[in-house]
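To start, the structure under review is shown below, and the notes come after it.
Read the figures in this text as sums done on the coordinates, not as results from a lab. The structure presented is a predicted model; accordingly, all values stated were derived computationally and were not measured. Neighbour counts run over all protein chains shown; Cβ positions are idealised from the backbone, glycine included.
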Amino acid sequence: MPITRIGVIGAGAWGTALAKHLAEKGLLVRLWAYEREVVESIRASRENRLFLPGVMLPRSLAVTNILGEAVQDCDGLLFAVPSHVARPVLREMAPLLSSGIPVISATKGVEEDSLQLISQIMDDVLPRHMRDRILVLSGPSFAAEVSQGQPTALCLAGRDGELAAAFQAACMTSALRIYADSDLIGVQLGGALKNVMALAAGVVDGLGLGHNTRAALITRGLAEMVRLGTAMGADPRTFYGLSGVGDLVLTCTGTLSRNHTVGVRLGRGEKLETVLSGMQAVAEGVRTARAALGLARRSGVEMPIVQEINAVLFDGKSCRRAVTDLMERGAKPEKGIA
Ligand SMILES: NC(=O)c1ccc[n+]([C@@H]2O[C@H](COP(=O)([O-])OP(=O)(O)OC[C@H]3O[C@@H](n4cnc5c(N)ncnc54)[C@H](O)[C@@H]3O)[C@@H](O)[C@H]2O)c1
Ligand SMILES: O=P(O)(O)OC[C@H](O)CO
């Protein structure tokens, strides 16, 4: 199946970086932006000044505000809008889609009210026969670095192995290596939960705690991710791959992470509302923290770090108290349930 035309839905930093990558590979790419200002900025200066400033976009990359134009005559769609607007955008897209068009989610999050992953929202909203045409792309990837052509590795999961292999080949270059997978749930959970752990790692850094503390946080954070994932039917091995450990390490240690940055500012004593009010970009971990706690309760799984970061974010708990409470929990075996 030749893949030559791609629609990219969402012109935030990630959608724009992916669109640039694919256009530079020679694919015909149409990028849909929600804001008129983004379309005007790209048309006038080949730059997405709002969400990916300083990155020149190829002339071949077309941009539009009209969803119908972006999805028309495409061999596949890359979906990269933040999770909290995924459902309304998918609802608007659904009647415009040609039968059987593959849709790849590059969004990392869990819907707060329904506790659904993006592929599950797609299952709900898109026509039934498209179930096997849904794929997810995840892994350690700061948009800014992908747009600079820094070597990056991702994973692409889908129920249909042949389809995943076709998109793997279509999107790979010497700068972007993609591994195929079939664990839709595990790949999405890794990408969503690591944002919550990145907030917590940022808090640790903002409090001025040391390398020991951050390493403990990352490792025990991974244990929580594996526990919830296993309870939800994911393959635990997925969490040791790019979409799990890979993205967890990147986001918990990389200063480019928006989630980590939010955590640092909380750890330094700023209020969540103040931090978020000054941000144009999304830090998915804030909403996902609540959703992760909901999933943990529903699955009967203990997630102490998730619980403490929720208390810091939404109940006014002090960051220091949260760390102390995590440290003073009862003695546990390392491979036990919590
Ligand atoms: N930025 C990255 O490095 C990166 C890398 C991998 C994955 N992701 C994931 O990609 C997804 C998108 O993040 P991003 O970084 O591209 O976004 P961003 O934070 O750069 O920009 C915000 C986006 O939200 C869109 N938006 C706001 N309100 C909207 C609405 N009502 N309807 C539709 N769109 C609306 C904006 O148009 C813009 O595309 C997130 O789930 C994120 O976790 C981001
Ligand atoms: O900047 P963040 O924290 O949203 O992280 C971006 C990507 O998800 C990293 O893989």
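Label-point separation (nm) for Ser45 and Thr4, each offset 7 Å from Cα along Cα-to-Cβ?
Distance between label points: 3.4 nm.
Sort Val29, Val264 so that the residue with the fewest other Cβ atoms within 10 Å of its own Cβ comes first and the one with the most comes last.
Going from least to most buried by this count: Val264, Val29.
How would the stretch 1-96 be classified by its alpha-carbon gyration tensor: rounded, prolate or oblate, with rounded meaning a/c under 1.5 and the a/b versus b/c comparison settling the rest? Mind dumping the intermediate values first?
Numbers: a/c = 1.71, a/b = 1.13, b/c = 1.52.
Since a/c reaches 1.5 but b/c is at least a/b, the shape of the stretch 1-96 is classed as oblate.
Hand me the tally of lysine pairs in the chain: alpha carbons under 26 angstrom apart, and the pair either on different chains or 8 or more positions apart.
11
Using DSSP to define loop residues, name the GluC sites (Glu not before Pro) in the stretch 1-94 whose beta-carbon has at most 16 other beta-carbon atoms within 10 Å.
Glu35, Glu47
So between Asn212 and Phe314, what do we pick up on full extension, going 0.36 nm a residue minus the alpha carbon distance?
Numbers: separation 102, 0.36 × 102 = 36.72 nm, distance 2.66 nm.
Once the chain is fully extended between Asn212 and Phe314, it gains 34.1 nm.
For a quick check, take a GNM of the chain with Cα springs below 10 Å and name the residue from Ala201, Ala180, Ala281 with the largest mean-square fluctuation.
Result: Ala281 has the largest fluctuation of those listed.
Once you mark the trypsin sites (Lys or Arg not before Pro) that are in a DSSP loop and have at most 13 other Cβ atoms within 10 Å, what is the longest gap between them in the chain? Each step should come with its number before you reach the end.
Working: sites that count: Arg59, Lys271, Arg329, Lys335.
Answer - 60-270.
Could you work out [θ]222 nm for the chain from helices alone, using -39500 (n - 2.57) per DSSP H run of at least four and dividing by all its residues? Round to the nearest 500 deg cm²/dmol.
Value at 222 nm, helices only: -14500 deg cm²/dmol.
Using each residue's phi in the stretch 193-202, evaluate 6.51 cos²θ - 1.76 cosθ + 1.60 at θ = phi - 60° and report the 3J(HN,Hα) Karplus result to the nearest Hz, with x for Gly and Pro.
Values, residue by residue: 6, 4, 5, 5, 5, 5, 4, 5, 5, x Hz.
Compute the projected area of the convex hull of the Cα atoms of the chain, averaged over all viewing directions, and report it in nm² to one decimal place.
15.9
Please order His129, His21 by the number of other Cβ within 10 Å, starting at the fewest.
Lowest to highest Cβ neighbour count: His129, His21.
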